[in-house]
Ligand code: PBG
């Protein structure tokens with residue numbers, strides 16, 4: 001035999017030298033769930049090991065992550081039902097707890113990269129990402145104004161990246177213009193570019209109590225059957241001024257990550273969503289798979305497919321393992 005591929009696998013050193021993809025803690029962004037108040041730490045039932053944290057606990061969590069090399073965070077507020085309305089008006093109320101908390105986080109950890117989510121669902125009685133009319137329709141252009149106010153209020157706290165996850169048409173340009181007009185030309189936008197109408201968001205909606213009250217999100221989030229359509233979304237987000245293109249979920253959409261990686265020069269992010277986390281955790285808890293290995297293997301697959309940035313609930317856990 002002239003060719004024996006096994007020769008290149010014969011020792012850890014050789015395997016290390018030919019390793020094509022290597023994860024770094026610099027690739028990771030850790031999503032965090034913020035609770036109003038003090039001294040609160042409540043586990044998400046469907047996401048073992050993931051907690052909703054009040055600001056004091058969150059600051060400790062951020063510090064621990066930073067020490068492990070994870071320095072980017074996506075902060076999602078848990079909004080009590082009493083604050084929700086049809087217009088998601090608390091989302092841009094400057095005194096609302098999450099905006100105050102973001103300001104404090106940025107002051108305390110200026111070197112951390114903080115991202116925020118722009119979509120109406122956590123603040124809305126309808127649980128949809130945009131405005132819902134009497135017929136249950138999700139209004140696009142009417143939503144832009146609210147999403148814009150939300151993005152601006154978040155930028156005013158000093159955070160680094162705005163993450164529009166709402167999938168309304170034209171929102172990246174709308175937000176970019178508004179930020180620029182108000183002196184926030186250095187605030188970045190990570191567009192949720194190819195965001196699919198996925199069952200894998202279930203545990204996240206448990207965490208925030210943000211599930212739609214009626215209907216589904218199929219008139220704005222993408223059909224899991226479609227790959228080519230991701231190109232249209234990516235072209236628009238690039239033209240409209242996005243700094244990063246994100247694919248979400250990650251594991252069931254590695255082909256979409258690869259497609260965008262091959263066709264665009266903007267950095268590609270993958271969102272390893274809640275249901276993907278829960279699936280692995282559940283199987284590991286039952287002893288059906290090796291949790292650590294399955295975690296690292298799936299994160300690696302996202303990077304191999306072409307994602308440079310990985311938003312993952314595993315960030316801290318993976319970083320601890322990588323630091324060993
Ligand atoms: C808000 C939003 C969602 C997620 C991130 N931002 C839920 C949704 O669109 O229904 C999901 C994240 C996850 O499942 O980890 N629009």
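Assorted remarks:
- So residue 134, is it in a helix (DSSP H, G or I), more than 10 Å from the ligand (Cβ to nearest atom) and surrounded by fewer than 23 Cβ atoms within 10 Å (Cβ to Cβ): no
- Scanning region 141-181 for residues that are at negative phi, touching a helix residue (DSSP H, G or I) at 6+ places or on another chain (Cβ under 6 Å) and surrounded by fewer than 18 Cβ atoms within 10 Å (Cβ to Cβ) gives a single hit, 169.
- Among the conditions (1) part of a loop (DSSP other than H, G, I, E, B); (2) more than 11 Å from the ligand (Cβ to nearest atom), residue 141 misses just one, which is (1).
- Some residue of region 37-52 being buried (at least 21 other Cβ atoms within 10 Å of the Cβ), within 21 Å of the chain's Cα centre (by Cα) and more than 16 Å from the ligand (Cβ to nearest atom): no
- Among the criteria (1) farther than 21 Å from residue 192 by Cβ; (2) surrounded by 13 or more Cβ atoms within 10 Å (Cβ to Cβ); (3) touching a helix residue (DSSP H, G or I) at 6+ places or on another chain (Cβ under 7 Å), the one residue 108 does not fulfil is (2).
- Near pairs, Cβ below 8 angstrom, 6+ apart or cross-chain, from region 271-284 (touching a residue at least 60 places away in the same chain (Cβ under 8 Å) and over 12 Å from residue 46 (Cα atoms)) to any residue that is assigned to a helix (DSSP H, G or I) and within 8 Å of the ligand (Cβ to nearest atom): 273/200; 273/201; 273/204
- Conditions (1) in a strand (DSSP E or B); (2) crowded, with 21+ Cβ neighbours inside 10 Å: number failed by residue 122: (1)
- The numbered conditions (1) under 22 Å from residue 320 (Cβ atoms); (2) outside any strand (DSSP E or B) are all true for residue 103 except (1).
- The set of residues from region 144-181 being under 18 Å from residue 245 (Cα atoms) and in a loop (DSSP other than H, G, I, E, B) comprises 160, 165, 166, 167, 168, 169, 170.
- Restricting 306, 291 to those that are at positive phi and at pLDDT 95 or above reduces the list to 306.
- Scanning region 279-301 for residues that are within 16 Å of the ligand (Cβ to nearest atom), touching a strand residue (DSSP E or B) at 6+ places or on another chain (Cβ under 7 Å) and more than 26 Å from residue 225 (Cα to Cα) yields a single hit, 281.
- Within region 111-140, the set of residues being in contact with a helix residue (DSSP H, G or I) (Cβ under 9 Å, 6 or more places away or on another chain) and free of Cβ contacts under 8 Å to residues at least 24 places away in the same chain comprises 133 only.
- If only residues of region 182-233 that are touching a helix residue (DSSP H, G or I) at 6+ places or on another chain (Cβ under 8 Å), under 14 Å from residue 248 (Cα atoms) and assigned to a strand (DSSP E or B) are counted, the one that is nearest to the ligand (Cβ to nearest atom) is 196.
- Within region 172-181, considering residues that are more than 17 Å from the chain's Cα centre (by Cα) and within 22 Å of residue 131 (Cβ to Cβ), the one nearest to the ligand (Cβ to nearest atom): 175
- Test: residue in region 263-278 that is under 18 Å from the mean Cα position of the chain (by Cα), on the phi < 0 side of the Ramachandran plot, away from the ligand (no atom under 16 Å from the Cβ) and not in a loop (DSSP other than H, G, I, E, B): yes
The values are calculated or read from the model by the stated rules, or taken from the named source; none is laboratory data. Not measured: the values here are computed from a predicted model. Here the Cβ is made from the backbone with ideal geometry for all residues, glycine too, and neighbour counts use every protein chain on show.
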